[in-house]
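The structure appears right after this line, and notes come after that.
The values are calculated or read from the model by the stated rules, or taken from the named source; none is laboratory data. If you're wondering where the values come from, they're calculated on a predicted model, not measured in any experiment. Every residue, glycine among them, receives a Cβ derived from its backbone with ideal geometry; neighbour counts consider all protein chains shown.
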2 protein chains.
Amino acid sequence: MTGKLFIVGVGPGHHDHMTFRAKQAIEESNTIVGYETYVNLVADLIEGKEVHRYAMTQEVERAHQCIDLAKSGKIVSLVSSGDPGIYGMAGLIYEILAEEGWDRKIGLHVEIVPGVSSLNSCAALVGSPLMTDFAVVSMSDLLVPWEIITKRVEAAAQGDFVIVIYNPASKKRIHQLQDTRKLLLKYRSPNTPVAIVKGAFRESEEIVLTDLESMEKHNDKLGMITTVIIGNSSTFMYKDLMINPRGYTSKYNIVEPQQTRK
Amino acid sequence: MTGKLFIVGVGPGHHDHMTFRAKQAIEESNTIVGYETYVNLVADLIEGKEVHRYAMTQEVERAHQCIDLAKSGKIVSLVSSGDPGIYGMAGLIYEILAEEGWDRKIGLHVEIVPGVSSLNSCAALVGSPLMTDFAVVSMSDLLVPWEIITKRVEAAAQGDFVIVIYNPASKKRIHQLQDTRKLLLKYRSPNTPVAIVKGAFRESEEIVLTDLESMEKHNDKLGMITTVIIGNSSTFMYKDLMINPRGYTSKYNIVEPQQTRK
């Protein structure tokens, strides 16, 4: 009996934004593994299946268990929200398999099922901030030294990238986003648009549009399901939207060629 | 009669990776607008609907037409591959609406339907390159001056970001990726892993894993449906996979706590 391992991203917390492939992989599986919260997101798809729920911070054990279950012949879906290929479980699974000498051509069947990640869902909700080059930075310094993260924030500021911040803060981890804000203020105007999106597409969704100057007034929105988007020099706010033009205005005209601008 | 405008990302070129919401929006629409190639991706969903096909480089006209059709009471889906929120049509639609004084609370209903973008799909296909901070840069200098793009590549190199390159080259535009490679070689080893993914999840899909030194041997794979991922100092190749560890190895151990490393 040949097992399979799907590493499935179910997108933001709403079935609507799950892909057909994600649903198909879960349906094909007889065994489901994931954080309590993620497993609950797909509760209606997993009735009658063997389900292993985990608490946070048990990633290594969870990865080993998934591999072992699949090796024993089971068809396993390791589910997570968003996209497992972005700061997700895909990496740990491959690291462990590589350590074991696995060969994808002849060994266990492993498939990463990509999903709509926070950068995609949050951008869609707040306007069009990702029409230009952007950098994605995680504030979590559990596994990466803080000096490296700071260096990256500074580089992104110097490159005038729009910056998408994953894991902006947790209960124990607050100073990182504050330090990042201070660093960015050396390069960017206090009026630079900032979007704080908590629980995108979930029932608890909360969106705040603010700026670098005032973002600290909204620290109560920060947490593990929050993403922060910080504009670059071209980003502007229009009513309740955060917009990046698709290029330099000198380079194009949004009025149709045959018309004259009023 | 109230119109609606959906700006729909259908993901990479295969229905499997489309979201349920994308399908729903297209089904709800009576009018479909998009590039010939994108419209063909959803041919089976649009039978009997009013369909407007466009050639490349008519984005401004297309955006105006979508807005006009929706204002006239039609339910319109502007379809594109990937995610319209990443270098896509979302921005142009909002720029035009902002110019007109539109207010999303009381005016025309507009919804961005996010999709699996190239960064998500290509990462899933080649391994797990996006476990660490990354920068996304488009090589297209049609709308952005080349000096700005160069500055960003250099900043991304200095920040040791993994770099995802959109629009790496077209028939007329070849030097940009060559210049980028030369610039990156000032900061990164010639052995830095590089993935070139053409037509992710399409029938014509081609994937090349190479490195900064040798990537130019594969210029025949470049084009408008190609994405290039360039590793950072931690990225490694393992057989036919491009892997980024999820953190600094000093900070975690992939062997389970109760086991001893061999």
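Structure values in brief
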quantity: Subset of the stretch A:227-262 [of a type in the set (S, T, Y), over 29 Å from A:I165 (Cβ atoms) and at pLDDT 60 or above]; calculated: A:Y252
quantity: Test for B:I165: is it more than 7 Å from every other protein chain (Cβ to nearest Cβ), of a type in the set (A, V, I, L, M, F, W, C), assigned to a strand (DSSP E or B) and buried (at least 24 other Cβ atoms within 10 Å of the Cβ); calculated: yes
quantity: The stretch B:174-195, residues that are of a type in the set (G, A, S) and either without any contact (Cβ under 8 Å) to a residue 40 or more places away in the chain or surrounded by fewer than 17 Cβ atoms within 10 Å (Cβ to Cβ) (or both); calculated: B:S189
quantity: Residue match in the stretch B:85-108 (condition: part of a loop (DSSP other than H, G, I, E, B), facing another protein chain (nearest Cβ under 7 Å), within 21 Å of the chain's Cα centre (by Cα) and at negative phi); calculated: yes
quantity: Number of the exception - A:L78 against (1) more than 8 Å from chain B (Cβ to nearest Cβ); (2) within 27 Å of A:K49 (Cβ to Cβ); (3) assigned to a loop (DSSP other than H, G, I, E, B); (4) not charged (D, E, K, R); calculated: (3)
quantity: Residue count, the stretch B:40-65 (criterion: assigned to a helix (DSSP H, G or I), within 14 Å of chain A (Cβ to nearest Cβ) and not aliphatic (A, V, I, L, M)); calculated: 6
quantity: Qualifying position, being in contact with an Asp or Glu (Cβ under 6 Å, 6 or more places away or on another chain) and of a type in the set (S, T, Y), among A:S117, A:S80, A:S72; calculated: A:S117
quantity: Qualifying residue in the stretch B:174-184 (condition: assigned to a loop (DSSP other than H, G, I, E, B) and either over 28 Å from A:M89 (Cα atoms) or within 12 Å of chain A (Cβ to nearest Cβ) (or both)); calculated: yes
quantity: Residue within the stretch A:146-160 that is in contact (Cβ under 8 Å) with a residue 40 or more places away in the chain, under 21 Å from B:I163 (Cβ atoms) and of a type outside the set (A, V, I, L, M) present; calculated: yes
quantity: B:T37 vs. criteria of a type in the set (V, I, T), modelled with pLDDT under 90 and assigned to a loop (DSSP other than H, G, I, E, B); calculated: no
